[in-house]
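I have a structure I would like to understand better, so I am pasting it below and will then ask my questions one at a time.
The values are calculated or read from the model by the stated rules, or taken from the named source; none is laboratory data. All values derive from a computational prediction rather than experimental measurement. Because the Cβ atoms are built from the backbone with ideal geometry, glycine has one as well, and the counts that use them run over all protein chains shown. Side chains are part of the model used for accessible areas, which takes the heavy atoms of the whole protein and leaves out ligands, DNA and RNA. Shrake-Rupley method; radii C 1.70, N 1.55, O 1.52, S 1.80 Å.
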Amino acid sequence: MQGMSSEMHSGNSTAGIEAGGALGASIDSATRALLGYRQADGHWVFELEADCTIPAEYVLLRHYLGEPVDGVLEAKIANYLRRVQGTHGGWPLVHGGDFEMSASVKAYFALKMIGDSVDAPHMVRAREAIRSRGGAIHSNVFTRFMLAMFGVTTWRSVPVLPVEIMLLPMWSPFHLNRISYWARTTIVPLMVLAALKPRAKNVSGVGIDELFLQDPRSIGMTAKAPHQSWGWFLLFRGLDRVLRTIEPMFPNKLRARAIDAAVAFIEERLNGEDGLGAIYPPMANVVMMYEVLGKPADYPPRAVTRKGLDKLLVIGEQEAYCQPCVSPVWDTSLTCHALIEAGSEAALPPAKQGLDWLVPRQVLDVKGDWAVKRPEVRPGGWAFQYNNAYYPDLDDTAVVVMAMDRARRAEPNPAYDAAIARGREWIEGMQSRDGGWAAFDVNNLEYYLNNIPFSDHGALLDPPTEDVTARCISMLAQLGETAASSRTVADGIDYLRRTQLAEGSWYGRWGLNYIYGTWSVLCALNAAGVDHQDPAIRKAVDWLVSVQNQDGGWGEEATSYRLDYRGFEGAPTTASQTAWALLGLMAAGEVGHPAVARGVEYLIATQTQKGLWDEPHYTATGFPRVFYLRYHGYPKFFPLWALARYRNLRITNSRVVGVGM
């Protein structure tokens, strides 16, 4: 395995790599720490933490179903919810973030359901924080559906979601295939719930009327969301009023047929214990759907999905929370990149074992929902989770392919060759007509749908984004394509040039935010052979250097996603965002820049005795402005990756990054 190292490093020198001094010690320590998290079968999966809403919803789901109370588990979830309560009295979407109404309402409701007294100081502070901001009437649509099912509000407070949508023809402007996979899988069981309007068992009879400034049963629809245009919103609000009037008159046979179609859609995609879409919201909706359809708790599809929800729990000695999903393919592929970059005898065999674990998880035999728009394309992607065959994603696929390609450069591997070829074929076939790539779908460009009342979150679609486009270009370029040889790559580079902001940065949809997007694009442009003196690259380099913190690191907060973004604002340094900035600068040929040296010094200085980095901040994105993620693996593998790359480039003659990321 030692022979793998020279070919798998980002530099093109074949000279032996000698780790010396603080840098080498830091890399070795981080490598040992990362290897300590490896699972028995060779893969990695780290905790994936969202905000308080998922654990709160888990508690409320149990009480909705009337399940026996697990006092020990609920006490641990309560400890978690109390700990993440903000100083403002409510609950934020990120560590140390601003008050967020829906998160606060759900957390308060869950704590009250668990048994916290409304007179307890933390509950008083939460209630005052909610009421002082206008009360729970300002909750979002998803929260309102939950409140309606608990009888806190009426069904007049939520948009009409006629289950007959299941029967619409493909040309309909509201067909399910016009929205993202996460919205599609969430909405289908929710439409059944909206049609049958169930009531939570809620054996303890807990309510939260005190969070409203008015009778909660008197409130109507949500107001226009900030991202929505008045013209479209008023049109769809009018349509909602019409549907609300005529829906009771829909023929019973038509409704029954639509419900059958919804159940058939779900059961085709149930996905065992990994669940519909392999994410919490649709899985929870499926369990509640079977409940209202009269299926008992031991009905196999319901029981398996319910068991899958419990597998998302992270239970410690004092605290517990529920993850939105799990991330083994993402964690394993990125960890393998970091270990390949580290390149030591200790790192390379586990990296190969991780890649071997990924090989059979490639989806080769299922044409998922993406194939509706690309029926001629063969499947070949990887999903984010352990199993999610209907919904592989392009970002994971590109990252896996690049890691396997790095490994086979040093040690030929026919299994990797076959996997890479199919992954490449799938990604090439999934390019959208604007030249970009989305995460799961193709040409999901129906932006008008973000104006429907249901889409107050503004995340109904999966359009092409700069970061995923960059990853796909990086992959194709690492496999030898250039703008001259490939129309696909040329169109992708044109997309990236069009989307660069005037300040020099690029938007990051799935990582926070402009630092993540800029790192991703700089890697892609470098891999595609764009000259480092190209104005786009120079502007990006200048921007990254300009936003470096005084301590030598980089940081960015979720507020950068605001709709009126006018330029970067400083934020506390994080290890993962510092690593992204360093990797971006080095991809642009700036390994010798003083900013890079300062960033490397920051990472070395802040490494813990365990070889890791502390990072309480959230640096990833589920839905901008709505839902953020804290990947517990990010501060474990990204800093190692950056430090090892710095070392590798410093000992080469060309100092050019020779891989896609």
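Name every residue in region 227-252 that is closer than 13 Å to Glu164 by Cβ and either open to solvent by less than 50 Å² (accessible area, probe 1.4 Å) or not in a helix (DSSP H, G or I) (or both), in order of residue number.
Within region 227-252, Leu243, Glu247, Phe250, Pro251 meet the criteria.
Further question on the same structure: Given the criteria touching a helix residue (DSSP H, G or I) at 6+ places or on another chain (Cβ under 8 Å) and in a helix (DSSP H, G or I), does Val442 qualify?
So Val442 does not fit the description; no.
Against the definition (in a loop (DSSP other than H, G, I, E, B), more than 20 Å from Met661 (Cβ to Cβ) and modelled with pLDDT of 95 or more), how does Pro379 come out, yes or no?
Yes.
Residue check: is Val286 within 19 Å of Ala258 (Cβ to Cβ) and assigned to a helix (DSSP H, G or I)?
yes
Does Val263 satisfy the condition of being open to solvent by 60 Å² or more (accessible area, probe 1.4 Å) and either of a type in the set (Lys, Arg) or in a helix (DSSP H, G or I) (or both)?
no
Exactly one condition in (1) open to solvent by 10 Å² or more (accessible area, probe 1.4 Å); (2) charged (D, E, K, R); (3) within 19 Å of the chain's Cα centre (by Cα) is not met by Glu428; state its number.
(3)
Given the options Ala129, Ala78, Ala110, Ala148, name the one that is buried (at least 24 other Cβ atoms within 10 Å of the Cβ) and either assigned to a loop (DSSP other than H, G, I, E, B) or modelled with pLDDT of 95 or more (or both).
Ala110 is the lone residue from the list that is buried (at least 24 other Cβ atoms within 10 Å of the Cβ) and either assigned to a loop (DSSP other than H, G, I, E, B) or modelled with pLDDT of 95 or more (or both).
When region 445-475 is examined, which residues are found to be part of a helix (DSSP H, G or I) and closer than 20 Å to Thr499 by Cα?
Tyr447, Glu466, Asp467, Val468, Thr469, Ala470, Arg471, Cys472, Ile473, Ser474, Met475 - these are the residues of region 445-475 that are part of a helix (DSSP H, G or I) and closer than 20 Å to Thr499 by Cα.
Okay, next question. If the requirement is being of a type in the set (A, V, I, L, M) and under 21 Å from the mean Cα position of the chain (by Cα), which of these qualifies: Val118, Val124, Val105, Val141?
Just one listed residue meets the conditions, Val141.
Identify, from the list Ala595, Ala581, Ala527, Ala571, the residue that is open to solvent by less than 20 Å² (accessible area, probe 1.4 Å) and farther than 19 Å from Trp510 by Cα.
Result of the check over Ala595, Ala581, Ala527, Ala571: Ala595.
Going by the conditions given, is Ala421 surrounded by fewer than 24 Cβ atoms within 10 Å (Cβ to Cβ) and within 25 Å of Asp331 (Cβ to Cβ)?
Spelling it out, Ala421 is indeed surrounded by fewer than 24 Cβ atoms within 10 Å (Cβ to Cβ) and within 25 Å of Asp331 (Cβ to Cβ).
Would you please name the residue that is surrounded by the fewest Cβ atoms within 10 Å (Cβ to Cβ), looking only at residues in region 456-497 that are touching a residue at least 40 places away in the same chain (Cβ under 8 Å) and farther than 24 Å from Val400 by Cα?
Across region 456-497, the extreme among qualifying residues is Asp494.
Among Ala415, Ala407, which is the only one that is surrounded by fewer than 17 Cβ atoms within 10 Å (Cβ to Cβ), of a type outside the set (Ser, Thr, Tyr) and part of a helix (DSSP H, G or I)?
Ala415 is the lone residue from the list that is surrounded by fewer than 17 Cβ atoms within 10 Å (Cβ to Cβ), of a type outside the set (Ser, Thr, Tyr) and part of a helix (DSSP H, G or I).
Another question, then. Exactly one condition in (1) part of a loop (DSSP other than H, G, I, E, B); (2) in contact with a Gly (Cβ under 9 Å, 6 or more places away or on another chain); (3) open to solvent by 10 Å² or more (accessible area, probe 1.4 Å) is false for Trp613; which is it?
Condition not satisfied by Trp613: (2).
So which of Thr578, Thr608 is closer than 27 Å to Arg32 by Cβ and without any contact (Cβ under 8 Å) to a residue 60 or more places away in the chain?
The unique qualifying residue is Thr608.
Here's a follow-up. With the requirement that a residue be under 30 Å from Asp116 (Cβ atoms), buried (at least 16 other Cβ atoms within 10 Å of the Cβ) and aliphatic (A, V, I, L, M), what does region 178-212 give you?
Hits for region 178-212 are Leu190, Leu193, Ala200, Val206, Ile208, Leu211.
Could I ask something else about it? Pairs needed: first member in region 436-455, open to solvent by 20 Å² or more (accessible area, probe 1.4 Å) and of a type outside the set (Val, Ile, Thr); second member anywhere, part of a helix (DSSP H, G or I) and modelled with pLDDT of 85 or more; C-beta distance under 7 Å; at least 6 residues apart or different chains.
That search, which allows pairs on different chains as well, returns Phe440/Tyr181; Phe440/Trp370; Glu446/Arg178.
Also, I was wondering about something else. Answer yes or no: is there a residue in region 318-326 that is out of contact with any Pro (no Cβ under 6 Å at 6 or more places or on another chain), part of a helix (DSSP H, G or I), open to solvent by 40 Å² or more (accessible area, probe 1.4 Å) and not hydroxyl-bearing (Ser, Thr, Tyr).
No, region 318-326 has no match at all.
If only one of Gly508, Gly552 is open to solvent by less than 10 Å² (accessible area, probe 1.4 Å), part of a loop (DSSP other than H, G, I, E, B), under 23 Å from Phe440 (Cα atoms) and of a type outside the set (Phe, Trp, Tyr), which one is it?
Just a single option satisfies the conditions, and that option is Gly508.
Filter region 87-97 for residues that are assigned to a loop (DSSP other than H, G, I, E, B) and in contact with a helix residue (DSSP H, G or I) (Cβ under 8 Å, 6 or more places away or on another chain); which is surrounded by the most Cβ atoms within 10 Å (Cβ to Cβ)?
Per the criteria, the residue is Gly90.
May I ask you to verify whether Tyr386 is touching a residue at least 12 places away in the same chain (Cβ under 8 Å), crowded, with 24+ Cβ neighbours inside 10 Å and outside any helix (DSSP H, G or I)?
For Tyr386, the condition - touching a residue at least 12 places away in the same chain (Cβ under 8 Å), crowded, with 24+ Cβ neighbours inside 10 Å and outside any helix (DSSP H, G or I) - is not met.
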